[in-house]
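First the structure, in the form of structure tokens, and then the observations on it.
Nothing in this text is a laboratory measurement; each read-out follows from the coordinates by a stated rule. None of these values were measured; they are calculated from a predicted model. Cβ coordinates were reconstructed from backbone atoms using ideal geometry, including for glycine residues, and neighbour counts include every protein chain displayed.
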Amino acid sequence: MDKLKMHTQNLADDNFAALAAMFPNAVTETIDENGEIIRAIDAEVLAQEINTRIVSGKEERYQFTWPDKKKSVLMANAPIAATLRPCREESVDFDATENLYIEGDNLDVLKLLRETYLNRVKMIYIDPPYNTGKDFIYEDDFKEATGEFLKRDGQYDEQGNRLTSNFDSNGRFHTDWLNMIYPRLRVARDLLTDDGVIFISIDEKEYSNVKKICDEIFGEKNYFGDLVWEATTQPINAGSAKFGLQKKTESILFYGKKKNAISGFELEELSGSLNYPHIGKYGACRFEIIEKSDAGDYSRPTMKFAILGQQPREGKRWQIGEDTARKLENDGKVEIVDGIVKKAVYPEDEIDKKQYKPFWSLLLANEVGTAQTGKDELNSIMDRPIGFDTVKPTQLIKKIVSYLGKETTVMDFFSGSATTAHAVMQLNAEDGGNRKFIMVQLPEVCSEGTEAAKAGYANICEIGKERIRRAGAKIKEENKDKEGIENLDTGFRVLKLDSSNMKEVYYTPEEYSQMGFNLEGFMDNIKPDRSDEDLLFQVMLDLGIPLSAKINQEGKVIYVNDNYLIACFDKVDTDTITEIAKKQPYYAVFRDSSFLNDSALVNVEQVFKTYSPSSIRRVL
């Protein structure tokens, strides 16, 4: 049986393999910095294949960059050997819920989720920490010393002389923040469904930078626009006012993964009524005349040619060029109607002439609340001040979530006090939806002396989890007379980021063998403090099974989503193996040390060949 890899994908290797498959003649060899021969891509051959220009080196081109951007890309693609460990005692309704609350650095968590939730998340909302210039909590391991950065960034020369001014608004101030957000957005895009969307709350300090990053990651053509939220209605304190405009709003950037694939929204025409009264080759359509006058200044002999074998009528010429006409012919989107050549226009051809009806760009305080509303909501649900000043109100998040359908999976990987989870549960209670949430939060410590610490909360995750518990109970109580309220999912599975369950020898057995170790001493390659459920969740991540899957255990055998995955991490005998094989699981997973010897392992293969030859067998 094959071993599970038990680590995330190396996307750089995957991307290279995809490119090599498309253009095998562009694959070559070169020597790396260690003198080793490695595979590489020949840029000149690739340029010839795609019939366009590839820019390289210092050649001028339009781009958005900053120090360490290349390392940010590598950070997004690099694999990790980590896992998510379930925590039943902190969860609510662990066995039945489909909601997730994940503790840990969100970049590592997103990487772990990438295979399992690839193209599965319909909506992401994030409210990342704003760049205030204070010490940054997300310290990725490629962060450099300030002195090294200043020298390379050109602010000091080799003799230590300052080269530029305006230190606060340049250089490291932005670089640290960009290095944080860029890889997280790159990985997040992979999680979105093709018709998925992302909303990003941001303030003015990094708005322009995030906009450029999103244009690069999601594509300018997939930018819908900004929602502008009236974050405060309070007049500014005249005594503390600084010269400049009073800030009363915040922007929420709105992108789709593939804008034209977006579905589930109510559309309305921007102007006029777009009717499709005729039936063309592809269904309902309308026909447009593509002729115009050929007299005087409008005369153009080159616009006279045959379309569908027919020339324009006397005194007319075509409005479209010959290349466009041939494409329309090939696509079946020109027809002869009442003796006249006309263009067939279908609804999908006019997506840009419509707008999404719910998307009013201005979100007013009297409709969705303010930052003060959000703060008051949090303090109220927690029964005491928590000390958070920048909490989004649930009405704001509900408004955004309501733009999509009722079966949406909503992710927030800067979940903070878990406003998004609260909003999802509240909206489900109101409209009978079945939305699910995935919250991700770094367990940032509540500093001694803060209101949160005084209330007994060790970190932000403790606040978020308690808020969800209280909000869920409150929502059910307030709606207790509503039909079906007992089915409202207000639970959540708590998962915590940790190192892999596997010992290092699992990943590099050849190194231990070369060092003279007897690998028989490492037969149990799983860390001693890990439970069967810990192993199960890492296996689910490895096999791409949602972490909200239904889990049932009978004795030492664990069933996931009925018989989709059957796992047994204890010692197994032939009877147990036969029982599992007869259930014909899609995956069957065992622990390597479960088998007494090689003959027992061979026996497993024979049993499955007899009862369930199509089952995929794996060991760890």
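When peptides 15-22, 413-420, 452-459, 120-127 are sorted by average Cβ neighbour count within 10 Å, with the highest value leading, the order is 413-420, 120-127, 452-459, 15-22.
How large is the dipole of region 526-617 about the Cα centre if only Lys and Arg carry +1 and Asp and Glu carry -1, each at its Cβ, rounded to the nearest 20 debye? If you can, show how the numbers build up before the last one.
Details: 10 positive and 14 negative charges, 41 e Å.
In total the dipole reaches around 200 debye.
Compute the signed sum of charges (Lys and Arg +1, Asp and Glu -1) over the other residues within less than 15 Å, Cβ to Cβ, of Ala455. Around Ala455, the charge tally is +2.
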